[in-house]
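Derivation of every value follows stated rules applied to the coordinates shown; laboratory data play no part. A quick note: this is a predicted structure, and the numbers were derived from the prediction, not measured. Neighbour counts run over all protein chains shown; Cβ positions are idealised from the backbone, glycine included.
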Amino acid sequence: MVSKADLDKILYGSSTPTRNTANKPVDADEWIRATVTTSDGTSITVEADHNDPLEERESIRIATEQAIQQVSGYSSVKQATTNISVSLGSAIKQYLQSKQDGPEITTKSYETIKAKILLLSEYFDGGRDIATLKLKDAESFRNILLKLPPNRAKVKKYDGLSLQEIADFGDEPQSITTVKATLNKCSAFFNWCIKSDIVEKNYFEKLPLSRKTHKDSDERKIWYKNDLNTLFNADIWATGKCKHDYQFWLPLIALHTGARLTEIAQLRVEDIKDMCGIKCFHINEEHKFQKLKNPDSMRYIPIHSALVDLGFIDFVATKSSGWLFNGLLNKQGEVPRDGLGTKASKWFLHHKDKLGIEEPVFHSFRHTVANEFKQKSVPEQQAMGVLGHKSQSITYARYDKDLNVPLLQETIEQLDFNLYIKNVKAWGVV
């Protein structure tokens, strides 16, 4: 058995490395060899091949340690080299730095990851050895997430309180979807820690959550008749007068395309295209400040006849170039950090609340359009072409081509909301 004394001799250089000149000339690529005989009679020989003596000596040291472990089963070397305490806070800092140094990531995506990961150090002591976090800790973290309310940073009464103290209020908790998203980000962090040799196991992976007691469709609020009437009979649309043109157009376009808020807000004048003689929205990310959710989001959407009747083409004709809608830049005249939909999102939320509209939000226009297609038995592939969804069928996902524009126009004209926008005053009409 290798003794601690044997190990010390090897590690602290009592064994003298020798040049091997029998089989190889001594030049820029020379190697060195070290032979050590342990107290139990085991002979260990290791070699290194470098141009730098310091690197050679380090390689000899590491290789000798590994050889001893293989021959004698001596384990303290491994413990000494890998069992290094890393605090949770330090691991998080390293992970976030790797995100910044790695493949390009949007500021919004980075901040989302950061906010969710930092909940770990907020719940656990950031100075705690990350290797001490076990399954019971992961489950405890999950359980506290299930009790936390949404938008905590915006509620004054939560200021300065710990996550446990906030949970103790017993307020309406955040959604299971939000909890799952947080746990997924934490799991990705621990997977990185495993690859970085910081921890040996990821206890946050696939933590069980409560099963849904309702259908997915029940979670997706749509716009119903009363709310649509309330919205489009408001002054902005009844009089055509608004502070910024996006306030008039964005809700109308969303209702007649199902496009996401940011997809519409970041349209440029040149994104209104003529395809096969049909005017279309070109949803893309060709400009550096345009961002799409995924590659399938890039698409053409024919402009609905109702929008044409309300003066949209005439509105576009008044613009020469650049961003299609005004009022979406920040005070410095720059694109906001979270994109051109930032101001529009805040405005719409405030406006609908002012009108007494409770449940539907801007994104509900997208669900409304999807539901309309479903109710009218529009083929799924056509609906997905308009909405920019990825095909769930491997056959379609790999081999389909973009749907032709005339067919997309037929699809988009299936949407009929004239009953709710009949009192909207066309743009530019005095």
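Simple spin-label estimate for Leu209 and Asp101 gives 3.2 nm between the two label positions (7 Å along the Cα-to-Cβ direction from each Cα). Take the Kirkwood radius over Cα pairs of the stretch 88-195, plug it into Stokes-Einstein at 25 °C and 0.890 mPa s, and you get 167 µm²/s for translational diffusion.
How far apart, in nm, are the 7 Å Cα→Cβ label points at Asn423 and Asp129? Distance between label points: 7.0 nm. Once the Cβ-Cβ distance of Lys136 and Lys108 is raised to the sixth power relative to R0 = 25 Å, the FRET efficiency obtained is 0.15. As a calculated quantity, the FRET efficiency between Lys195 and Ser87 at R0 = 22 Å, using C-beta atoms, amounts to about 0.75.
With the simple model of a label 7 Å out from the Cα in the direction of the Cβ, Ala317 to Met298 spans 3.2 nm.
A viscosity of 1.002 mPa s and a temperature of 20 °C, combined with the Kirkwood radius over Cα pairs in Stokes-Einstein, give a translational diffusion coefficient for the stretch 240-365 of 142 µm²/s. With a threshold of 22 Å on the Cα-Cα distance, the over-threshold entries among Lys116/Lys331; Lys291/Lys354; Lys108/Lys288; Lys354/Lys374; Lys154/Lys346; Lys147/Lys352 are Lys116/Lys331; Lys291/Lys354; Lys354/Lys374; Lys147/Lys352.
Placing a label point 7 Å from the Cα of Thr177 along the Cα-to-Cβ direction, no residue of the stretch 281-307 has a backbone N closer than 14 Å. With a ≥ b ≥ c the root eigenvalues of the C-alpha gyration tensor of the stretch 286-353, is it rounded (a/c under 1.5), prolate (a/b larger than b/c) or oblate? The shape class here is rounded.
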